[in-house]
Amino acid sequence: MKIEIENYKNINSLKLELMDSKINFLYGVSGVGKSSIVNAVIGDKSEKNITYGKLAEDMKLLIEPKFGENDYLIFNEQTLQKLILQKEDSQDMYSIIFSNDNSLENIRKDISSLLSGMNSKRAELFDYVNDVDEMIKRINSRKLAKSGKFSSNSSIEKLKAEIINPKYKNYSNFIHNNGIEYVEWIEKGTQFHLFNQNKCPFCSKKLSVSRINKINNIAKIKPEQYKIISDSRDVLDKIGIEVPNFSYKREVTKLEKKLYDTINNKKIIIDMFNMIDSYNSSTLDINSIKKVVLSESLKKMFPDVEMVISEFNDSIKELKRKLGNIKLKTSKFIGKNIKKLNDYLSEFAIPYKFEIDNYNTKAKTATVFLISKKDEKHIDRIENLSYGEKNIISLLLFLVSANKNLIIIDDPASSYDDNRRKIIYDLLYEFHGKQTYVVLSHDQVFIKYALLGLKERTRKYNTNTGKILCLENRKGVCISKEISSSDFDSLENQIFQFIEHNQLSYYRKIINLRVLFELSKNSSNKDKLIYSYLSAIMHNTDRNNIIEQLKEEDINESDIIKDLKQRYNIKLLPIPEDLYFDFNYDELSSFEKIAYQREQHRIKREGKRAVKSYIEKEFDDIIHLNTRYFVSLNPYKFDVYSENIYNYI
C-alpha cells in the first residue's frame, strides 16, 4: 500500500509504504498527522482538508490501491459514539452472529428449492392483496365490526340503507327497465353546456320543461354511495368483482359477499406466506407448517396457483424435516458464536453476556441484548455499561465484523490496563484475515507487543505483521522511521551506547551524562555527587567552586573521571577553561537539545522566585517520561515531540 500526501491538513509532504494483507502499526504523538493519513486514505478531498495557506491544486493524494467507500472500515472516536450493539434489528449484529454460516446456507437453499413454486407466485398474489387493500380503503371498509361484518360507516352498509329509501324506490322500476348504465348516461348528459341552454347535448334539439324536469329527477335517483363504488370499478375489476345493478337489493348483497370473500382471500395469502417465510426467523414453529386450502374464488382467479399449492401440500412432510434440521443447526450455530463473544467478555472481566432476542436470515437482521450474568429477568443492560466497557465491546464487535479490504483502527487501547491491551492486541491477530490492517496509536504498547511477537518467531506474528513505523512531523514535513526491537532498551543503556558510539564534544558529553546520572542519582551517594558535579558544569558554576565543593565531600575531580572510565569506559576531560570550546548546538539530537534547553531555563530561574514556564514543564515531562519506562523507544533516533517543542529547540 503506497501513500503520498502533499498539502493535506497538517501534512505538507509524506511518502509512506505499508504492507498489503498485513497488520501495520503506526506510532506517533498527538498532532503528528495520523488522522490526516486516515482521511487521505479514504479519499476525503473536501476543501476543509487543504493545508492552511495552500490552494486546492496544491493538495495531492496518491493512494495505491484506491479504496472505495465500501472497501474499508474505520474504528475511531466516532465508532465509539455509535455503539454497534443496538436494541432494534441490526444488520451489523446479524453479520457477527451468522458469520461463516455456509453450512446453514446450503440447507436454506434446499428449503428455498421446495418453496420456489410458491415464491414464484408471490408477486402476483401480493398484487392482488394490494388491490384488495386499495378497494377496502376506497369504500371505507377497513374495520370489521365484532360480528365480522362491515361497520355501519362503510360504503357498502350505507348503500344497503339508501336503496331501500322511498325516494330511491320510486325509480326502481325505471332502473330495472333501463339499467343503471342508462341512468349514468343521462347524468353525464346533464354536465354538458348545451343542457344548461335547455337543449339535448347529443342532438342539440330544444327540450321541453317537462322533459328537463324528468331528466333532472332521473339524474338524482342514484344512491350517494353508488358513486364511490362505481368510481372504484378499476380496482374491483382487478379483484374479479363487477359493479352490480343497484336497482336490486340482492345485487348489493351479492357485492357484499364478494367483498367479504376477497378480504378472506387476502388473509389466506398473507398467512400462507408468513408461514413459509417463518423458516428465516427465530419465530419458526414446525407445527405451524400446514397444508394450504385455497378458496374457490382464488382458484378461479389464479388457476395455475392451485397446482403450485398442490405441490407444496405434497412436500409438507419433507419440508418439516428440513425445517427441523435447520432450526436445530441454527440454534447450535448461534449458540457457538454467542458463546465465543461471551468468552471474550469474560477475558475482559466484563460481567455481562450477549443473548439473542430474534433474527431474520432473509432480511439479515438480528436483535441482541446484553444482560448481566446474574440477571434472571434477562433485561437488556446496555445502558448500564461504563464508558470503558462500551469501548471494549464496541471494539470487539468491530473486529468480529471487520470484513472489508482495509481495516483502520485508531488508538484502540490507550486507556486500558496492560492485561486488556494484550488481549486487544491478540484479538487483532485472531480476527485478521487477508485484509490490510492499519493500527494507529500514540501509545508505544502495541509497538512493543508487535516487536516481541516477531522476536518470539511465532508463525502467527511473523506471517501477519507488516510495517512497524514511527511517524514524525516537523512543520508539516512528515516522515516515517521503521522501528526494530533494538530500538527499545533502558534509557541508561541507550545513553551509554550513544556516548560510546559517537565522537562527542566535551559539553555534549556533559549533557548526556547529566541525564544518565539523573536516572541513578538516588541509587548511591557517589552517583549523587557525580550528578551534582555534572549539574554544576551545565549551570556554568565557576570551576574552582566546583572543585571546592568536591573537596568538602571528600572527593576530587579525578575520582569522578576515573569512575566514569571504569564504569562506562567513557573518557571525560577535566573541566576546561572554555566549556563550549568544541560545542555545536546544531549537531545535537532533539533529545539532547531538550535536555540542554531545560537546564538553560533552570539557570535563568536560579536565585529568583519565578515559577517554571510551560515549556520547561514540557521539557521535564519528556525527560521524566523516559525514566518511567524500564524499556523506552530510543530518544536519539525517534523525535516524538510536539510542534511546540520543535519550534522552541
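Descriptive notes on the structure:
- For beta carbons closer than 6 Å, sequence separation of 6+ or different chains, a first residue in the range 198-210 that is farther than 15 Å from residue 186 by Cα and a second that is open to solvent by 60 Å² or more (accessible area, probe 1.4 Å) and not aromatic (Phe, Trp, Tyr), the qualifying pairs are 206/199.
- Test: residue in the range 411-431 that is surrounded by 18 or more Cβ atoms within 10 Å (Cβ to Cβ), on the phi > 0 side of the Ramachandran plot and not in a helix (DSSP H, G or I): yes
- Residues within the range 490-522 that are of a type in the set (D, E, K, R) and under 18 Å from residue 597 (Cβ atoms), tallied: 4
- Number of residues in the range 63-76 that are out of contact with any Lys or Arg (no Cβ under 7 Å at 6 or more places or on another chain) and open to solvent by 50 Å² or more (accessible area, probe 1.4 Å) equals 4.
- Filter pass, residue 447 being among the β-branched types (Val, Ile, Thr) and closer than 30 Å to residue 94 by Cβ: no
- Options 289, 269, 276: the member that is within 27 Å of residue 108 (Cβ to Cβ) and at pLDDT 90 or above: 269
- Restricting attention to the range 470-529, the residues that are under 19 Å from residue 569 (Cβ atoms) and touching a Ser or Thr at 6+ places or on another chain (Cβ under 8 Å) total 8.
- Entirely in the range 269-381, the helices (runs of 4 or more DSSP H) that have 3 or more residues that are of a type in the set (D, E, K, R) and in contact with a Cys (Cβ under 6 Å, 6 or more places away or on another chain): none
- The lone criterion from (1) surrounded by 20 or more Cβ atoms within 10 Å (Cβ to Cβ); (2) closer than 30 Å to residue 534 by Cα left unmet by residue 493 is number (1).
- Residue in the range 441-459 that is of a type in the set (A, V, I, L, M), in contact (Cβ under 8 Å) with a residue 40 or more places away in the chain, touching a strand residue (DSSP E or B) at 6+ places or on another chain (Cβ under 6 Å) and in a helix (DSSP H, G or I) present: yes
- Residue within the range 346-365 that is of a type in the set (A, V, I, L, M), in contact (Cβ under 8 Å) with a residue 60 or more places away in the chain and open to solvent by less than 40 Å² (accessible area, probe 1.4 Å) present: no
- Of all residues assigned to the range 124-138, at least one qualifies as being farther than 16 Å from residue 263 by Cβ, open to solvent by less than 80 Å² (accessible area, probe 1.4 Å) and modelled with pLDDT of 80 or more.
- Counting only helices (runs of 4 or more DSSP H) that sit completely within the range 517-621, those holding 2 or more residues that are hydroxyl-bearing (Ser, Thr, Tyr) and buried (at least 17 other Cβ atoms within 10 Å of the Cβ) correspond to 525-538, 590-605.
- Contact map, the range 631-649: residues that are open to solvent by 40 Å² or more (accessible area, probe 1.4 Å) paired with residues that are polar (S, T, N, Q), Cβ distance under 7 Å, separation 6+ or inter-chain. Pairs shown: 631/490; 648/597.
- Pick from the range 366-381, criterion open to solvent by less than 20 Å² (accessible area, probe 1.4 Å) and within 20 Å of the chain's Cα centre (by Cα), ranking: nearest to residue 392 (Cα to Cα): 370
- Qualifying residue in the range 48-69 (condition: at pLDDT below 85 and assigned to a helix (DSSP H, G or I)): no
- Yes/no for residue 309 being within 28 Å of residue 367 (Cα to Cα) and open to solvent by less than 70 Å² (accessible area, probe 1.4 Å): no
- Only residues that are closer than 23 Å to residue 443 by Cα and either within 24 Å of the chain's Cα centre (by Cα) or in a strand (DSSP E or B) (or both) were counted across the range 1-17, and they come to 6.
- Considering only residues in the range 222-250 that are part of a helix (DSSP H, G or I), under 23 Å from residue 152 (Cβ atoms) and open to solvent by 50 Å² or more (accessible area, probe 1.4 Å), the one that is modelled with the highest pLDDT turns out to be 250.
The values are calculated or read from the model by the stated rules, or taken from the named source; none is laboratory data. Keep in mind that what you see is a predicted model, and the values were worked out from it rather than measured. With ideal geometry, Cβ positions are generated from the backbone for all residues, glycine too; neighbour counts draw on all protein chains shown. Accessible surface areas use protein heavy atoms only, side chains included; no ligands, DNA or RNA. Shrake-Rupley method; radii C 1.70, N 1.55, O 1.52, S 1.80 Å.
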